[in-house]
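Visitor: One structure is given below, represented as structure tokens, and several questions about it will come after.
The values are calculated or read from the model by the stated rules, or taken from the named source; none is laboratory data. Not measured: the values here are computed from a predicted model. Neighbour counts run over all protein chains shown; Cβ positions are idealised from the backbone, glycine included. These accessible areas exclude ligands, DNA and RNA; they are computed on the full protein's heavy atoms, side chains included. Shrake-Rupley method; radii C 1.70, N 1.55, O 1.52, S 1.80 Å.
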Amino acid sequence: MSGALDSRSVTEAPGRVPAAVPTRGPRRGRGLARVICVRVARLVGLLFGVSLLAFTLVYHSPVDPIAAYIGAEASPTDEQLAQLREYWGLDRSFAEQYLAWLGAVLGGDLGVSRLYQAPVLDVIADRFMMSLALMGVARLVSGVLGYALGVIAAMNRHRLLDRLICWYSYTLASTPTFWLAILLLTLFAVVLGWFPVGLAGPVGVPGSEVTMAERFHHFVLPAATLSALGVATIAMHTRERMLDVLDSDYVAFARARGEHGRRLFRNHGLRNSIVPALALQFAYFSELFGGSILAEQVFSYPGLGSTLVDAGLGGDVPMLLGIVLLSSTFVFVGNLIADILTVLIDPRTRDSL
Amino acid sequence: MSHPSPAPPRTTRRRSASVDLAIAAACVGALLLAIVVTAWLLDESSLRSHAGARLMPPGPDHLFGTDWLGRDLFTRTIMGLRLSLTVGVVTALLSVAVATVLGIAAALLGGWVDAVISWLIDLSIGIPHLVFMVLVAFSVGGGIKGIVIGISLTHWMSLARLIRADVLHLRHSDFVLASRGFGRSEWFIARRHLFGQVLPQALVGFVLMFPHVVLHEAALTFLGFGFSPQTPAIGILLHEGMPHISSGMWWMALFPGLCLLLVVLAFARLGDRLRVLTSSPGQGG
């Protein structure tokens with residue numbers, strides 16, 4: 001994609017015409033609408049695939065849902081067990097169970113969580129908002145910082161600053177997320193005591209009475225962990241993209257006219273690199289979600305990630321399925337946004353979608 | 001006014017790419033050798049608990065300190081690294097195998113096979129890796145089986161796409177057309193002609209995949225879905241260290257994680273060097 005973009009830009013280089021502005025006119029709207037329709041249809045198809053895959057995997061689990069539900073203490077009679085099996089529909093065939101579950105899901109009923117003793121939808125909605133706040137802040141911070149670092153590295157190619165930024169990014173990309181979280185916890189919460197050790201609010205205070213300041217206080221470290229990791233990816237991608245721009249003929253020409261430094265970046269670098277950087281933000285939702293699971297686990301942050309771990313370890317099937325569906329939707333929508341952004345900057349990619 | 005110096009072409013480096021690659025490979029080799037030799041030299045008895053040496057900070061007797069059962073953390077870390085590397089090699093190889101088979105099949109057979117495989121790739125990319133792994137671990141009942149299957153099924157997609165794109169180019173080349181003209185089957189063409197062509201790509205894919213695989217194994221184990229608590233795995237060590245951190249036992253989590261970071265970093269650098277060397281100039285940095 002980048003190569004094609006650059007060759008197009010060469011013809012426009014003499015003026016201040018940015019390379020990546022989409023062509024105006026009626027075609028633009030129609031093409032974009034078509035792309036969105038096709039992608040949404042595919043998204044729905046993929047979600048059906050995810051639901052089938054997830055249900056198949058859960059169906060074949062050796063964990064007995066009834067045993068997981070009643071726990072070790074109770075010793076029910078065979079008759080009670082049979083009643084439970086019938087009540088949950090466990091005696092029916094795979095296809096029947098799947099269709100029954102799918103029908104309920106399409107009707108907005110994800111079932112009742114066995115661990116939380118509440119409708120899955122309510123628990124997930126609640127927890128997802130917590131995770132979303134965490135991921136949103138992390139994405140914002142890492143997006144701004146990562147873009148800035150990437151640009152600075154590219155503009156100072158092979159100098160000390162570039163090497164430092166590269167090493168920072170390489171090292172963080174190889175760092176286990178949960179280890180970084182533990183380090184931050186050790187340093188800032190235990191040794192320095194600046195932040196509390198965990199949880200979204202003080203212990204023993206009802207959720208409604210937690211003040212914004214307290215919430216923020218408990219929010220900083222997990223958000224910092226996620227941001228630090230995101231910065232690395234985005235900085236490296238932005239650097240690559242900026243180097244492509246700086247190696248192009250139109251930048252060589254601009255340099256020949258005497259442009260350099262900040263002005264060169266403003267006239268040529270910014271517009272050619274900001275939208276890919278933005279698209280990247282959405283394309284990496286999968287990694288973001290994974291990082292969030294680990295950070296939440298370390299800091300006992302009550303988001304969707306720690307709920308997933310509890311559900312997986314505790315054999316809470318409806319909850320597990322619900323989280324799989326929600327997190328996949330999250331990733332697919334992220335990819336969709338990334339695709340739309342890519343089409344917006346380069347209308348020729350429409351046909352390839 | 002400073003003179004506008006043209007940017008040097010990106011191929012101009014202080015060292016050549018092959019020297020960089022050799023250095024990275026030497027680092028990885030030295031690390032591997034160090035881990036294997038140390039693990040071989042280490043006394044198995046230090047894995048057992050010693051009541052007299054509980055929660056000792058790092059010192060000459062215990063390089064990384066000891067845990068709350070008096071087990072030497074250096075020994076456990078080295079054992080954990082060996083386990084991480086073994087699991088990493090197995091799962092990365094499995095992933096590469098899946099990617100190679102599906103990538104070649106999609107491009108060579110085309111039609112509905114291609115459509116199904118491409119759809120599967122999109123599908124697998126859509127589920128966050130860690131969520132997928134937790135699901136698989138739940139499905140097979142946890143343990144090492146969950147780790148191996150879960151990780152193998154979540155890392156093949158991008159390599160499969162690359163191999164598919166390679167084969168799409170190759171399948172119209174003369175040697176494939178000639179072979180088909182002689183009446184060779186698609187299976188023969190895939191095995192005899194295409195496999196060798198995509199092998200370098202697959203090997204680079206293996207090295208690039210390796211750091212991710214190792215990190216994901218540690219993460220899955222840390223969350224409690226992997227090895228049993230008795231196993232000295234890095235994820236387990238960090239999980240065990242967690243409750244002791246708030247009482248000031250910083251060394252319990254610091255050193256195991258740092259060692260894992262060093263190993264992963266060495267492999268990531270090697271993969272990056274390989275990628276730079278094998279991709280055409282202009283791609284990659």
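Visitor: Counting just the residues of the stretch A:158-175 that are touching a residue at least 60 places away in the same chain (Cβ under 8 Å) and away from chain B (no Cβ under 11 Å), which one comes out nearest to the chain's Cα centre (by Cα)?
Guide: The residue in question is A:Tyr168.
Visitor: Okay, next question. Suppose the filter is within 11 Å of chain A (Cβ to nearest Cβ) and either in contact with a Pro (Cβ under 8 Å, 6 or more places away or on another chain) or open to solvent by 10 Å² or more (accessible area, probe 1.4 Å) (or both); does B:Met249 pass it?
Guide: Yes: the conditions hold for B:Met249.
Visitor: Looking for whichever is among the basic types (Lys, Arg) and without any contact (Cβ under 8 Å) to a residue 40 or more places away in the chain here; the options are B:Arg171, B:Arg191. Which one fits?
Guide: The match here is B:Arg191.
Visitor: Kindly check whether there is at least one residue in the stretch B:43-50 that is within 21 Å of B:Leu258 (Cβ to Cβ) and modelled with pLDDT under 80.
Guide: Looking through the stretch B:43-50, at least one residue is within 21 Å of B:Leu258 (Cβ to Cβ) and modelled with pLDDT under 80.
Visitor: Can you name every residue in the stretch B:56-74 that is touching a residue at least 60 places away in the same chain (Cβ under 8 Å) and buried (at least 16 other Cβ atoms within 10 Å of the Cβ)?
Guide: Within the stretch B:56-74, B:Pro58, B:Phe64, B:Gly65, B:Asp67, B:Leu73, B:Phe74 meet the criteria.
Visitor: One residue is enough: does the stretch B:172-190 have a residue meeting the conditions assigned to a loop (DSSP other than H, G, I, E, B), surrounded by fewer than 23 Cβ atoms within 10 Å (Cβ to Cβ) and within 14 Å of another protein chain (Cβ to nearest Cβ)?
Guide: Looking through the stretch B:172-190, none of the residues is assigned to a loop (DSSP other than H, G, I, E, B), surrounded by fewer than 23 Cβ atoms within 10 Å (Cβ to Cβ) and within 14 Å of another protein chain (Cβ to nearest Cβ).
Visitor: Tally the residues that are over 23 Å from the mean Cα position of the chain (by Cα) and within 21 Å of B:Gln201 (Cα to Cα), restricting the search to the stretch B:71-116.
Guide: 7
Visitor: Here are some conditions: (1) open to solvent by less than 10 Å² (accessible area, probe 1.4 Å); (2) within 14 Å of chain B (Cβ to nearest Cβ); (3) within 20 Å of A:Ser273 (Cα to Cα). A:Met155 meets all but one. Which one does it not meet?
Guide: Single failed check for A:Met155: (1).
Visitor: Scan the stretch B:256-265 and give yes if some residue there is surrounded by 20 or more Cβ atoms within 10 Å (Cβ to Cβ) and touching a Gly at 6+ places or on another chain (Cβ under 7 Å), otherwise no.
Guide: yes
Visitor: Which one is most open to solvent (accessible area, probe 1.4 Å), of the residues in the stretch B:106-161 that are within 19 Å of A:Thr307 (Cα to Cα) and not in a helix (DSSP H, G or I)?
Guide: Once the filter is applied, the top-ranked residue is B:Gly141.
Visitor: For the stretch A:319-341, what are the residues that are in contact (Cβ under 8 Å) with a residue 60 or more places away in the chain and open to solvent by 10 Å² or more (accessible area, probe 1.4 Å)?
Guide: Answer for the stretch A:319-341, where residues must be in contact (Cβ under 8 Å) with a residue 60 or more places away in the chain and open to solvent by 10 Å² or more (accessible area, probe 1.4 Å): A:Leu325, A:Leu326, A:Thr329, A:Phe332, A:Val333, A:Leu336, A:Asp339, A:Ile340, A:Leu341.
Visitor: Does A:Leu344 satisfy the condition of being more than 10 Å from chain B (Cβ to nearest Cβ) and either on the phi < 0 side of the Ramachandran plot or open to solvent by 20 Å² or more (accessible area, probe 1.4 Å) (or both)?
Guide: yes
Conditions (1) of a type outside the set (Phe, Trp, Tyr); (2) within 10 Å of chain A (Cβ to nearest Cβ); (3) in contact with a helix residue (DSSP H, G or I) (Cβ under 9 Å, 6 or more places away or on another chain), marked per residue:
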residue: B:His193; (1), (2), (3): yes, no, yes
residue: B:Phe206; (1), (2), (3): no, no, yes
residue: B:Met209; (1), (2), (3): yes, no, yes
residue: B:Ile236; (1), (2), (3): yes, no, yes
residue: B:His239; (1), (2), (3): yes, yes, yes
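Visitor: Oh, and also: For A:Val298, state whether it is open to solvent by less than 10 Å² (accessible area, probe 1.4 Å), over 22 Å from A:Asp109 (Cα atoms) and modelled with pLDDT under 85.
Guide: Answer is no for this residue.
Visitor: Looking at the structure I just gave you, is B:Val198 out of contact with any strand residue (DSSP E or B) (no Cβ under 8 Å at 6 or more places or on another chain) and within 14 Å of chain A (Cβ to nearest Cβ)?
Guide: no
Visitor: Scanning the stretch B:212-234 for residues that are open to solvent by 10 Å² or more (accessible area, probe 1.4 Å) and in a helix (DSSP H, G or I), which turns out nearest to the other protein chains (Cβ to nearest Cβ)?
Guide: If we take residues in the stretch B:212-234 being open to solvent by 10 Å² or more (accessible area, probe 1.4 Å) and in a helix (DSSP H, G or I), then B:Leu215 is nearest to the other protein chains (Cβ to nearest Cβ).
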